[in-house]
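Worksheet for the structure shown next.
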Amino acid sequence: MPCMHARRGFTLVELLVTISIVGILLSLLLPSLAAVQATAKAGAQSAILQSFGKGFLDFATLDPTGRLCSGDDDHFRHGDATKVGWVADLVNAKFANVGKAADPINRFKVMTKIGMLAGSANPAGLPFNTFRWLSNTCYRPSDGGLVTAVTDVVGTTYFGTTQTVWDDGYHSNFAASWHFYLGDNNITADDRFSTNANSLDPSNCPLDGDGPLSTTILADTTLLTSADKVALLGASRVTDGSSAAPLIAAVATTINDFIDPTGRKRIVKAGDMLLAGSCDGPLAEITVNAPPYSTTAKAHVLNDISPNCKAKKVRHVYGTAFAGGHGNILFADGSCRRVNDNNGYGGANKGDGYIGPYDRTGPPLGSPSEFIMDQGAYDEVRDDVYLLRLRAILTAGGGSAE
């Protein structure tokens, strides 16, 4: 009978060789998988924005003046965020549950505006729009008390003990352009970026513009030649630190308790960043003379829209942001297209974290204080985005358009 030999096992050398081969294969495969994943997320982001665009166009057909939205989703400046603003427009008309349609690329999901609704972001120091709130003799739904101060319209005081703001979708991690929610600044030809001086209506409030973007404005070809170049929305960038960001533990707890007082949902944690949501409008000094841009005008900034698709992470002054990729931007015709962040600060041939005009006081990303549109910034947007006035400034005696 033949002798049965014990089965021979792997030697240590064979095992190490096998592990090395597997490691090499993984190192070759993982970058491809990461690229596929990045492409998929960018495609999902674009699809979400396009679905919003359809909602805005549908909203315009229902609105008496053809507006694409009723304003910004800013609870303090524009009014009750569950009733006024582009987010509320989509949610209340059941065009979209904006909160569930979050940007899949940005790991942060909470805007500063949710922090404000929760009452966690020093509400007493916010630019509360008394013109929008107090002049209408508003009452708190929770107990019928008269609204007399900013602290009356936050947290359970205003929204009651059953928090539905988050679950019903009244939040987003996409940022809106000034053209979209405010229109043109309503000043004079030689002061194209200053805000109104009405103390009851602070900065970034409705009186700073001639109204949200509408089909009437888009049909006026005096200055605008193509609606597909007017930016509406894009992915949000992290804040500049003005709303307790990075979050301290107490602020994170307040926001989480507002989102879900039962404690089941813990959306943010200490150290997270909040997101910005509203671009600041016509602030950028133009240094390049290239029609229709000229040094006698001011360009709009897209400072709160992040080019986070296939981008590299860079150090923001208060956390991590994105640069060198591209931003999917929703335009007024309902299309969504990529706009590259491939130029920027000081003419450097690399991304600076801004699409178009950038803040020259804090490269690569600083607080929005001194924006410039130089050749590099112009090259990024010249074929894709229109950043000047949409229509001429109204003047006395100008006719029925006044």
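Being at pLDDT below 90 and under 27 Å from THR61 (Cβ atoms) is the filter here, so list the residues in the stretch 83-112 that pass it. Passing the criteria: none in range.
Of the residues making up the stretch 11-32, those that are part of a helix (DSSP H, G or I), among the polar types (S, T, N, Q) and either surrounded by 10 or more Cβ atoms within 10 Å (Cβ to Cβ) or at pLDDT 70 or above (or both) are THR18, SER20, SER27. Scanning the stretch 205-225 for residues that are part of a loop (DSSP other than H, G, I, E, B) and acidic (Asp, Glu) gives ASP210, ASP220.
On the stretch given as the stretch 66-97, residues that are touching a helix residue (DSSP H, G or I) at 6+ places or on another chain (Cβ under 6 Å), surrounded by fewer than 24 Cβ atoms within 10 Å (Cβ to Cβ) and under 17 Å from ASN173 (Cβ atoms) total 1. Exactly one residue among ALA44, ALA35 is at pLDDT below 90 and either basic (Lys, Arg) or surrounded by 11 or more Cβ atoms within 10 Å (Cβ to Cβ) (or both), and that residue is ALA35. Of the residues making up the stretch 156-201, just one is at pLDDT 80 or above, over 21 Å from PRO127 (Cα atoms) and in a strand (DSSP E or B), namely PHE174. With the structure loaded, tell me whether PHE76 is at pLDDT below 90 and within 19 Å of LEU275 (Cα to Cα) or whether it fails that test. In short, yes. Among the residues here, THR61 qualifies as surrounded by fewer than 22 Cβ atoms within 10 Å (Cβ to Cβ), in a helix (DSSP H, G or I) and without any contact (Cβ under 8 Å) to a residue 24 or more places away in the chain.
For the residues ALA60, ALA40, ALA81, the requirement of being hydrophobic (A, V, I, L, M, F, W, C) and under 17 Å from the mean Cα position of the chain (by Cα) singles out ALA81. Of all the residues in the stretch 285-299, those that are under 17 Å from LEU390 (Cβ atoms), assigned to a loop (DSSP other than H, G, I, E, B) and aliphatic (A, V, I, L, M) number 1.
The values are calculated or read from the model by the stated rules, or taken from the named source; none is laboratory data. None of these values were measured; they are calculated from a predicted model. Neighbour counts are summed over all protein chains in view; Cβ atoms, including those assigned to glycine, are modelled from backbone coordinates with ideal geometry.
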